[in-house]
Structures are given as C-alpha cells and as structure tokens.
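Since the structure comes first, as structure tokens, the remarks are kept for the end.
Only the coordinates and a few stated rules stand behind these numbers; no lab work does. These numbers were taken from a predicted model, which means no experiment stands behind them. A quick note on method: Cβ atoms are made from the backbone with ideal geometry, for glycine too, and the neighbour counts reach across all protein chains shown.
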Amino acid sequence: MTDKYFFDTDCLSAFLWVRNENLLIKLYGGKIILPEQVYSELSHPRIPQLKERTDVLKNSGDISVENIEFNTEEYRIYYKLTQNPDKGFKVIGKGEAAAIALAKTKGGILASNNMRDIKQYVEEYGLEYITTADILLEALNKQYITEDEGNTIWKNMIAKNRKLPNNTFTDFLNSKRR
C-alpha cells in the first residue's frame, strides 16, 4: 500500500467540479500530493471555486503541494517531458509532467485521466497509475458509494466536460467484468 498519490489537474478537478472530493479524502486523505504546477493550474482566476476547494483540502492536511526543485532528478524528468522529449515521445502538459516526475522519483502512484498523452511515459518509467474511473471503482468496492451513486457522479462529471472511458459508471463496471 502506497503512501503517496501524485494527482494531475484533470484527475483532481474531476472530483472538485462535482463536489465529490470527499471520496478522495476517504480513500487517500493525507496521501495526496499535488505538484506546484497542478496547484497553479487549479488557481486560474476564471475558476476560483477549484482553488478554493483545493485550499480547503490543503489547509486541512488532506493534500499537500510539492515543488520540483531545480537541478534535481525530478526537474530533469519534468524538463524532458515538457521541453525536450526523446525521439518518438511528445511534449506533455506541465501538470501531467510534474506528477509523472514526482511519482517516478518519489515512488508513488500517478493519478491521471489523460492516458492518451501520457501512456508512453507511464510505460517508460514503469509507473503504477489510477484514473477517475478506477477511483470510483475503489469507492464502490469499499462501499463508500453505491452503483447508482457512481452513475450520478459519472453523469455529473461528463456534464462538466470530464472525459471518461464509458457513457455510464455501469458501462465501465461491465467492461471490467468481461
């Protein structure tokens, strides 16, 4: 069992947008680490509610924010992913890159939804990862939510333009049962 979950912006904001960050706290409270880049992305002035909700979690100790220091291994990885990727790899966003760099160097689980963009890096660095769908499945398995509640959360996330792998939580569950 890990004691560190490195969240990128999209994964955390999926729960913040629908006001279900309580599930993250029940599952991983005190173990969630946001790279400074993710915290900055959540601090956009056009969406103040995301920063406000993040600050509540930060001030309660449920999440922490971590900087990537210059001239460290995580900085070298971060720079490579955002500025100078290896041949055949693409540049990715700052929040995703920071979460990957910290998960790799600090030994934790990456929490990200953007697998299309980061899959190569997850494989390259041998990272364990979870997605929003995986988190909802874990919440269901621990009986923090019912399947119906999962469907409601899923529907609300899609309504907030969060990209999920299936149309409903039930569809996701059925895809896992095959």
Using alpha-carbon positions, the gyration tensor of the range 42-143 gives root eigenvalues a ≥ b ≥ c; with a/c under 1.5 called rounded, otherwise prolate if a/b exceeds b/c, else oblate, the class is oblate
Using alpha carbons only, how many degrees (0 to 90, rounded to 10) separate the axis of helix 132-141 from the longest principal axis of the chain?
50 degrees
What order, most packed first, do the peptides 100-109, 157-166, 134-143 have when packing is the mean number of other Cβ atoms within 10 Å of each residue?
100-109, 134-143, 157-166
Pairs beyond 23 Å (Cα-Cα), from Lys104/Lys163; Lys31/Lys106; Lys4/Lys104:
Lys104/Lys163
For the range 20-137, averaging the sequence separation of alpha carbon pairs under 8 Å that lie six or more residues apart and dividing by its residue count, the contact order in percent is 22 percent
Relative contact order as a percentage, the range 5-53, C-alpha pairs under 8 Å and 6+ apart, gives 48 percent
List the trypsin sites (Lys or Arg not before Pro) within the range 14-91 that DSSP assigns to loop and that have no more than 12 neighbouring Cβ atoms inside 10 Å.
Arg19, Arg46, Lys87, Lys90
Three-way shape call for the chain based on the alpha-carbon gyration tensor, with the a/c threshold at 1.5
prolate
Which aspartates and glutamates have a Cα lying under 17 Å from the Cα of Lys51, excluding residues fewer than 8 positions away in the same chain?
Asp8, Asp10, Glu21, Glu36, Glu41, Asp62, Glu66
Give the longest segment of the chain that steers clear of chymotrypsin sites (Phe, Trp or Tyr not before Pro) in DSSP loops with at most 15 neighbouring Cβ atoms within 10 Å, not counting the sites themselves.
1-69
Normalise the Debye intensity by I(0) for the range 119-178, one equal point scatterer per Cα, no solvent, then take log10 at q = 0.20, 0.22 Å⁻¹ and round to two decimals.
-0.78, -0.89
